[in-house]
Amino acid sequence: MGSLVLFLGIIFVSAIHSGHEPIASGREFVDPELIDKHEVFSKPGLHKVDGKDWDYELVFVVSAFNFNPGEVEIPKGSKVKIIATSRDVVHGFEIAQTNVNMMIEPGHISTFVKTFDKKGEYLLLCNEYCGTGHADMKSNIKVV
Ligand code: CUA
């Protein structure tokens, strides 16, 4: 009985008090209703940045059943911070043949920093079941 109480206590503390959640990048929030007015998410796409540890920021607004922007071209060798959120439900964000693999949740901001060293076309796909259009939810990243 004691160990059960201890176990539930640990879950309770990690879930409620410490804000346990499946995002490695920390706790950043955005109101899905205000995405179009948000300073970052109102401008989806690839943006050159200065004075940061990365060369570009690639902003995605993900929704059923597409990625915005659709096709993206990234100059070879660029270090890119991907910044993404969802308008509606939980989506996946996987760039095939790379280690980019995130869960995109409404209300949360997910980020991943990646250097694109090899030229080519990479499939961007949703790997979390999100509804009837899930199987067709994909796009293209071109490294040129
Ligand atoms: Cu979006 Cu599956």
I'd like the carbon and sulfur percentage of the solvent accessible area for the chain, probe radius 1.4 Å, heavy atoms only, ligands and nucleic acids excluded. 54
Principal-axis tilt of helix 2-12 within the chain, Cα atoms, nearest 10 degrees: 30
Residue of K118, K81, K52 that the Gaussian network model of the chain assigns the largest fluctuation, springs spanning Cα pairs under 10 Å: K52
Through the Karplus equation 6.51 cos²θ - 1.76 cosθ + 1.60, θ set to phi - 60°, convert the phi angles of the stretch 82-91 into ³J(HN,Hα) values in whole Hz; use x for Gly and Pro. 7, 10, 9, 8, 10, 7, 10, 10, 6, 10
What value, in deg cm²/dmol to 500, does the helix sum -39500 (n - 2.57) over DSSP H runs of n ≥ 4 give at 222 nm once divided by the residues of the chain? -2500 deg cm²/dmol
Residue-normalised accessible area of the chain, expressed per residue, 1.4 Å probe, Å²: 58
If I model a spin label as a point 7 Å beyond the Cα along the Cα-Cβ vector, how far apart are those points for K119 and E33 in nm? 4.9
For the chain, set up a GNM with springs between Cα atoms under 10 Å and report which of I82, I11, I95 has the largest fluctuation. I11
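Grab the Cα-Cα distance for M1 and K138, subtract it from 0.36 nm times how many residues apart they are, and report the gain in nm with one decimal.
44.4 nm
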What is the packing order of peptides 40-50, 99-109, taking the mean over residues of other C-beta atoms within 10 Å and listing the highest first? 99-109, 40-50
Which aspartates and glutamates does K81 reach when only Cα atoms under 17 Å apart count, and residues fewer than 8 places away in its own chain are ignored? E28, E39, D50, D53, D55, E57, E71, E73, E94, D117
Under 5 Å from the placed amide H of S78, counting only residues 5+ away or on other chains, we find F116
Rounded to the nearest 0.05, what FRET efficiency do S42 and V13 give with R0 = 35 Å and r taken as the Cβ-Cβ distance? Could you check? 0.40
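The values are calculated or read from the model by the stated rules, or taken from the named source; none is laboratory data. All values derive from a computational prediction rather than experimental measurement. Glycine gets a Cβ as well: all are built from the backbone with ideal geometry, and neighbour counts include every protein chain shown. Areas reflect the complete protein model, heavy atoms only, side chains present, ligands, DNA and RNA absent. Shrake-Rupley method; radii C 1.70, N 1.55, O 1.52, S 1.80 Å.
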